[in-house]
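Engineer: The structure is given below, and queries will be raised subsequently.
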Amino acid sequence: MNYLILLPQIILVAIAMLIPAIDLYFKDKTRILPYLAAGALGVSLLILSIFTGIIPLEIFDVTIPTSLFGGMLVVDRFALFLQLLFGMVTFFVVMASSSYIKQYDRNQGEYYSLLLIATVGMMTVAMANDLITLFIGLEVASISSYALTGFRKNSKKSAEAAMKYFIIGALSSSIVLYGISLFYGLTGTTDLAQFGTQLQNIDPSQDGLLAMATIFLIAGFSFKVAAAPFHMWAPDVYQGAPTTITTFLAAASKKMGFAALFKVFLFGLIAFKADWAIAFGVMAALTMTVGNLAALKQEDLKRMLAYSSIAQAGYIMMALAIATQYALGGALFHILTHAFMKTGAFIIVAMLSVMLIGSKVGDLRGLRIKSPITAFCMAIMMLSLAGIPPLAGFASKFVLFSSAIDAGGWLIWLAVVAVINSAISLYYYARVLKEMYVLPTDHIPIRMKEPLAMLIPVVLTTAAVIIVGLYPEPFIDAAMDAARALIP
Amino acid sequence: MIPLNYYLVLSAMLFCIGVYGVLTKKNAIYVLMSIEIMLNSVNINFVAFSTYNGDMSGQVFALFSIALAAAEVAIGLAIFLLLYKRHGTVELNNIRILRW
């Protein structure tokens, strides 16, 4: 056993514990807390990149995959890929928070502390190889997110969003837990690696129970990833939460739900693929259609992006219907690019509210003069989300859709639905471009100053979107490596 | 020894009562209590299966789930307190700023 591989998580937890204490002793909190949190995340990202071999240094004596605590946690390529992604999103969120969270905001220590703890929870889900650790990771991340959603204590919207998120989240957790308990009863184990073999030799009379347990897990996890018909909470929560937290929820928290789904279904229950693949296929088609159609008429930017996030979840869910290594690689690649796009887009929305521009689609008018660089980055994000080549969104959608074609059969129709949906989505993404670049303004806009701490993550994610789009091979390879760890 | 089925029926009934409560009750505290009932029904399942399978991991899971349920109640009550301060009510029907 080599606990060194948990070093990134240990650093994050240690700093998360330290931050509330430091919060008590310093007057000028906005100066120190974000840097501390960002520093911790930066160090753990560095260590993770050394583990994965992105930075070719042989400092740490670790082997991949490493199994810890009697197989409760397994750190493989899949886990490292997602850990890097969660760490990166949180890093950007913390950077943006340093100008979004104001000097007068109370409880800043808790804010950064909870962000780090939620990240560790997500990383645990990515590592989990047992339903116990999977559920604990899920809950650690969810409970922290409920509190973060209600962070703006003097805002009615924030309180309402926290309430909705809490009730839906707790409900879905108990549904997942009930499903897990039925699986435990059927197999006598909570170890995902033993699920396949244990379920092969259950009595045929218990098939009904197995089906029920599967349905419970699908329903519970679908709440977490906001897949239709369990998506109604997402737009409300995304709109009401502080925008930096919305970024975190859309770019990281939702991906955690997918990590859990991939672990349970593509690793634990892959032998029963024929039974659940069709359910995910129908849900994927429904989710992308509902998300895209509802996004068409939204006036609020955050709400529009929330529905677009639901639609993107539908694309990622296709991988569960296809359930091949290639599809999982495509889904992980799309998770990566979608994390970049949504982080960038939501931080831009946060930036607009800090610059007092507003968060309606119509408020974007004249942005090309008010802040040309923001307008350009927003345009790149929107085009990428719509899947216009040569941007990252196109590359990942291409891999994902081609894996559906590759699998053949009814999955080709799923790919067709996905392509039609991409075309529909272009309408509302293009509307943002039209507001920014085409429509005339009624008064002459003046050049505004952007908050630097938010501009940096926006520019970085935009650069990432362009680079991944132009040069996707290494990223696809990394995603395929990660997929190989789960589906050999 | 009481047959396993009795436990399962009890837990299924409790779970259904919980779901019914979450779906129909309009008061946030009722909803929180219903969620607690759902989580506790799962614990009955775990302990019953654990005893009948002769495997301890179910009881470990039940302990973890009790701890997590406690954390969830703590955060839930804090959120409802905040809700009461901002909206002056915890009747869920009366709280609807965010609408699609």
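We did not get these values from a lab; they are worked out from the coordinates using the rules stated. Here the structure is a predicted model, which means the values were calculated and not measured. Glycine gets a Cβ as well: all are built from the backbone with ideal geometry, and neighbour counts include every protein chain shown.
Engineer: Quickly run through segment A:138-157 and pick out the residues that are among the small types (Gly, Ala, Ser) and either surrounded by 24 or more Cβ atoms within 10 Å (Cβ to Cβ) or under 23 Å from A:Val120 (Cα atoms) (or both).
Structural biologist: Let us first name the residues in segment A:138-157 that are among the small types (Gly, Ala, Ser), namely A:141-142, A:144-145, A:147, A:150, A:155.
Once the filter is applied, which keeps residues that are among the small types (Gly, Ala, Ser) and either surrounded by 24 or more Cβ atoms within 10 Å (Cβ to Cβ) or under 23 Å from A:Val120 (Cα atoms) (or both), segment A:138-157 yields A:Ala141, A:Ser142, A:Ser144, A:Ser145, A:Ala147, A:Gly150.
Engineer: Just one of the numbered conditions (1) over 13 Å from the mean Cα position of the chain (by Cα); (2) of a type outside the set (A, V, I, L, M, F, W, C); (3) under 22 Å from A:Gly358 (Cβ atoms) is not true of A:Thr246; which one?
Structural biologist: (1) is the only condition that A:Thr246 fails.
Engineer: Now a separate question. If I filter segment B:80-90 for residues that are surrounded by fewer than 19 Cβ atoms within 10 Å (Cβ to Cβ), more than 7 Å from chain A (Cβ to nearest Cβ) and small (Gly, Ala, Ser), do I get at least one hit?
Structural biologist: The answer is yes, given that some residue of segment B:80-90 is surrounded by fewer than 19 Cβ atoms within 10 Å (Cβ to Cβ), more than 7 Å from chain A (Cβ to nearest Cβ) and small (Gly, Ala, Ser).
Engineer: Select from segment A:83-102 the residues that are part of a helix (DSSP H, G or I) and β-branched (Val, Ile, Thr) and write down the one among them that is nearest to A:Leu33 (Cα to Cα). Break it down into steps so the answer makes sense when it comes.
Structural biologist: Here is the first cut: in segment A:83-102, the ones part of a helix (DSSP H, G or I) are A:83-100.
Those left that are additionally β-branched (Val, Ile, Thr): A:89-90, A:93-94.
Details: A:Val89: 18, A:Thr90: 14, A:Val93: 13, A:Val94: 10 Å.
By that ranking, first place goes to A:Val94.
Engineer: Filter segment A:15-41 down to the residues that are surrounded by 16 or more Cβ atoms within 10 Å (Cβ to Cβ) and small (Gly, Ala, Ser) and list them by number.
Structural biologist: Matches in segment A:15-41: A:Ala16, A:Ala37, A:Ala38, A:Ala40.
Engineer: Right, next: What number goes with the only condition from (1) farther than 30 Å from A:Gly188 by Cβ; (2) surrounded by fewer than 16 Cβ atoms within 10 Å (Cβ to Cβ) that B:Ala70 does not pass?
Structural biologist: Unmet condition: (1).
Engineer: Testing B:Ile2 on (1) part of a loop (DSSP other than H, G, I, E, B); (2) facing chain A (nearest Cβ under 7 Å), one condition comes back false. Which one is that?
Structural biologist: Only one criterion in (1) part of a loop (DSSP other than H, G, I, E, B); (2) facing chain A (nearest Cβ under 7 Å) is unmet by B:Ile2, namely (2).
Engineer: Could you give me the residue pairs with C-beta distances under 9 Å whose first residue belongs to segment A:29-50 and is under 10 Å from A:Gly87 (Cβ atoms), whose second residue is part of a helix (DSSP H, G or I) and among the hydroxyl-bearing types (Ser, Thr, Tyr) wherever it lies, and which are 6+ apart or on separate chains?
Structural biologist: If the second residue must be part of a helix (DSSP H, G or I) and among the hydroxyl-bearing types (Ser, Thr, Tyr), the pairs left are A:Leu41/A:Thr90; A:Leu41/A:Thr119; A:Ser44/A:Thr119.
Engineer: Please return the ranges of helices (runs of 4 or more DSSP H) entirely within segment A:304-401 where 3 or more residues are of a type outside the set (D, E, K, R).
Structural biologist: Result: A:325-354, A:372-386.
Engineer: List the helices (runs of 4 or more DSSP H) inside segment A:208-277, counting only whole elements, that have at least 1 residues being free of Cβ contacts under 8 Å to residues at least 60 places away in the same chain, touching a helix residue (DSSP H, G or I) at 6+ places or on another chain (Cβ under 7 Å) and under 20 Å from A:Ser142 (Cα atoms).
Structural biologist: By residue number, A:254-261.
Engineer: Pick from segment B:38-61 the residues that are buried (at least 21 other Cβ atoms within 10 Å of the Cβ) and not polar (S, T, N, Q): which of them is farthest from the other protein chains (Cβ to nearest Cβ)?
Structural biologist: Residue satisfying both the conditions and the ranking: B:Ala48.
Engineer: Within segment A:149-191, restricting attention to residues that are charged (D, E, K, R) and within 8 Å of chain B (Cβ to nearest Cβ), which residue is nearest to the chain's Cα centre (by Cα)? If you could, list the steps in order and put the result at the bottom.
Structural biologist: As a first pass, look at segment A:149-191 and keep what is charged (D, E, K, R): A:152-153, A:156-157, A:160, A:164, A:191.
If we keep only those that are within 8 Å of chain B (Cβ to nearest Cβ) too, we end up with A:153, A:156-157, A:160, A:164.
Numbers: A:Lys153: 25, A:Lys156: 26, A:Lys157: 23, A:Glu160: 22, A:Lys164: 19 Å.
Filtering segment A:149-191 for residues that are charged (D, E, K, R) and within 8 Å of chain B (Cβ to nearest Cβ), the one nearest to the chain's Cα centre (by Cα) comes out as A:Lys164.
Engineer: Still on this model: Criterion first (free of Cβ contacts under 8 Å to residues at least 60 places away in the same chain and either surrounded by 19 or more Cβ atoms within 10 Å (Cβ to Cβ) or touching a strand residue (DSSP E or B) at 6+ places or on another chain (Cβ under 8 Å) (or both)) does B:Phe64 satisfy it?
Structural biologist: no
Engineer: Here's another thing I want to ask about it. May I ask you to list the residues in segment A:178-207 that are outside any helix (DSSP H, G or I) and under 24 Å from A:Gly71 (Cβ atoms)?
Structural biologist: The first filter runs over segment A:178-207 and keeps only residues outside any helix (DSSP H, G or I), leaving A:188-191, A:201-203.
Correct list: A:Gly188, A:Thr189, A:Thr190, A:Asp191, A:Asn201, A:Ile202.
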